[in-house]
Structure formats: C-alpha cells, structure tokens
Ligand SMILES: *Cc1c(COP(=O)(O)O)cnc(C)c1O
C-alpha cells in the first residue's frame, strides 16, 4: 500500500512495559491481557513480544486458538469463560483456563464429560455488577465447582474494580475489602488488579496482576500519562502531508465549513482520517505533530484526510512526517480532546493500515 498512513509498533516498548509491571509488582505472576487483537496492536505480534509473561488473557476461543496456533505455550485464560457448552471440549483440547462468572456456566460444567479437567477462575462481583457471583453466593458455587469432575482441583479467585482509574474514589477500598472477606476462608491464588489498580493500589497486587493498557505504554489513570508512569508508547499512528496550500483570511476548511482562517495562512492536508480510526469527534485545536512539532487540527476529520494549521510550520511541505498519536503525542491526550478513552482509539485503529514493527530484539 502506497498511502502514507501507517501504524508503527515498537516491540521493545512492549518488553519495557512488561518489565515495568514486574518492577511494580515483583512478587506477582503476570497475566498479560491481549483481547481485542492485542488492544489493536496485533494479537500474535504482541504475545510473541511478551513471551516473558506468565499467562495471557483473551475474550474468546478464537483469540485463544490463534495464540496456540502461533505456538504460545503459556496458560491462556478466557476472561468471559465459555459462551456455550459446545466450546468446552475445544477449550480443553486447546489447554485453556476459563473464568466462571454465571450459574449457567456452572451447569455446563456439571453436565460436561471432558477428556481432562479444566482450570477455573471463579469471578466475584464485589460491586462493579458486570460479571461475577455476589459474595454471598461464592461459598455455594465454590462447593459446586469443587464437586464437579470437569473442574481441576485448584480453583482461582478473581474480581475486577470499577473505578480503579480514580485514585481517591472510596469504592475502590470497599471492593478490595469485600474481596478479601470472600477469600479469607478459601485458600487459593487470587487476582484483582488491572493496569489502573497495579499503578494506583499496590495492596491489590495479590498473586496475579492482569495488565492490559499499561503494556501498550498508556496510562489509564485520570491524572497521569504513560510517560509519567515510566511506560513507553507502543503504537504510533503516522502519516504524511499530501498537500500544502496558502489560504486567505475567512476561507473555510473541510466538510461543513466549520472552521474559517482568521488570517492569510498555510494549511496542510494529512493522509489519515476516521476511516483509519482517527476519531471524527476530535475538535479543531486537537494537537497533531508535523515535523515533530505540535500544530492544530482545523475543521472536521474526513474519512481519509485531516486538515492542519501550518502557521507554526510555515516551511512544511508535501511528504513531511505527521504523527496522529503515539511517540511524542500521547494517545491519552488525543482521547481527552476527542472525548473518549485511549482504549477505544487503540482498538479502533483500522486493519486496512500497513503495520510496521521494529525493536524485535
Ligand atoms: C481487559 C481486562 C483487564 C485489563 O484492563 P486494563 O485496564 O487494560 O489494564 C484486566 N482484567 C480483566 C478481567 C479484563 O477484562
């Protein structure tokens, strides 16, 4: 593809960020979360770069199969467990672990006849009210799973925090305390922490940590960026200027003519747009790097193009490099401008783009 928009993936940054997790939680095993195509970075590419992880977490059987097909030997955990009973045999044959969060899944296991027992992570709903059993149900479910031939002897316990990205929210401590109470009488390995929790709450590290976003070099916390947390961005969305023009005062730019030049000025057209995963809701004023310097997006993002204000880069010319997010321009910052979260931007980067990786080591 000759269109200059492309995604550059820094594999050594992935390894660095995994090492950073290890530094923050030195006693813990690391379940690297690689769902949604490795947060848009490429599932097997990410898993190979994170070969030092103790396990991988995915959302579905298809992702797990792709990892096994790529030779990944570590435990792989299906974070939402089986979606139907007919997945169980495939799960066992691929050697996967499953999260069990609903009684229908317990019933599937009780009815199943499997070639081998499956490792179960029992999910406790400590207050997020998405997946998991309420604390008062855990003893009974634990017992049923223990009695179930299809379930391996060791059952793990896990929970998920709803507001870990807000350091001062008291709900965090309520959830953590609730989980500790549930686990008090059940001797096993436990897991609480996603990236935000790893960074903000060392007392949640438990036996296993489950980093996702931070592995990709991005901070989930409201009040910090990845760089502040010692992380390095893995994905950089790059392109080039494909046109430069001098407009006159009051000339409008782009669809809807939403922005007008305040004076005679140079503008640049960048080959990237919402068809690549750039957020259409990014407003005028959103930063874009041209030749490494911040300039402002002006007018609406189109499918394949963006327009930028080149008054700070008056010598910029066709072919000059542009960064939409990544190295030099944190995706966290772009997300704030576009009123979204970095997770959504990373996951939505379009597969039509050329992916270029470096830093294989
Ligand atoms: C996605 C996910 C994570 C990782 O969350 P981040 O905020 O990306 O670190 C951890 N645990 C579970 C159960 C998840 O689904």
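Every number in this text was worked out from the coordinates using simple rules, so none of it is lab data. No experiment lies behind these values; they were computed from the predicted model shown. Neighbour counts run over all protein chains shown; Cβ positions are idealised from the backbone, glycine included.
Where only DSSP H runs of four or more residues are counted, the chain gives -7000 deg cm²/dmol as its mean residue ellipticity at 222 nm, each run worth -39500 (n - 2.57).
Contact order for the range 11-218, expressed relative to its length and based on alpha carbon pairs under 8 Å spaced 6+ residues apart, stands at 21 percent.
Between residue 62 and residue 354, the contour length at 0.36 nm per residue exceeds the Cα-Cα span by 102.8 nm. For the chain, what proportion of DSSP beta bridges, expressed in % and rounded to the nearest 5, is antiparallel? Counting only bridges with both partners in the chain, antiparallel ones make up about 50 percent.
How much length would be gained if the chain were fully extended between residue 243 and residue 114, taking 0.36 nm per residue of separation minus their Cα-Cα distance, in nm to one decimal? Before the final figure, lay out the partial values.
Numbers: separation 129, 0.36 × 129 = 46.44 nm, distance 6.17 nm.
Length difference between fully extended and current span is 40.3 nm.
Averaging the sequence gap over all C-alpha pairs within less than 8 Å and six or more residues apart, then dividing by the number of residues, gives the chain a relative contact order of 18 percent. In this simple spin-label model, placing a label point 7 Å from the Cα along the Cα-to-Cβ direction at both residue 188 and residue 102 gives a separation of 2.0 nm. Could you state the angle between the C-alpha long axis of helix 171-183 and the longest principal axis of the C-alpha atoms of the chain, as a value from 0 to 90 degrees rounded to the nearest 10? So the helix axis and the longest Cα principal axis differ by about 30 degrees. Apply the a/c threshold of 1.5 to the C-alpha gyration tensor of the range 69-221 and tell me whether it is rounded, prolate or oblate. Because a/c hits 1.5 or more and a/b fails to exceed b/c, the range 69-221 counts as oblate. Full extension of the chain segment joining residue 143 with residue 90 gains 16.6 nm, where the gain is 0.36 nm per residue of separation less the Cα-Cα distance.
Its alpha carbons give the chain an Rg and a Dmax of 23.3, 77 Å. Three principal axis extents describe the C-alpha atoms of the range 235-358; from largest down they are 39, 28, 23 Å. Taking every C-alpha pair closer than 8 Å and separated by at least 6 residues, the mean separation divided by the residue count of the range 235-358 gives a relative contact order of 29 percent. Which stretch or stretches of the range 119-151 have amide N atoms under 12 Å from the point lying 7 Å from residue 171's Cα along the Cα→Cβ direction? Within reach of a label on residue 171, which here means backbone N under 12 Å from a point 7 Å along Cα→Cβ, the range 119-151 contributes 126-130. Once the Cβ-Cβ distance of residue 224 and residue 294 is raised to the sixth power relative to R0 = 22 Å, the FRET efficiency obtained is 0.65.
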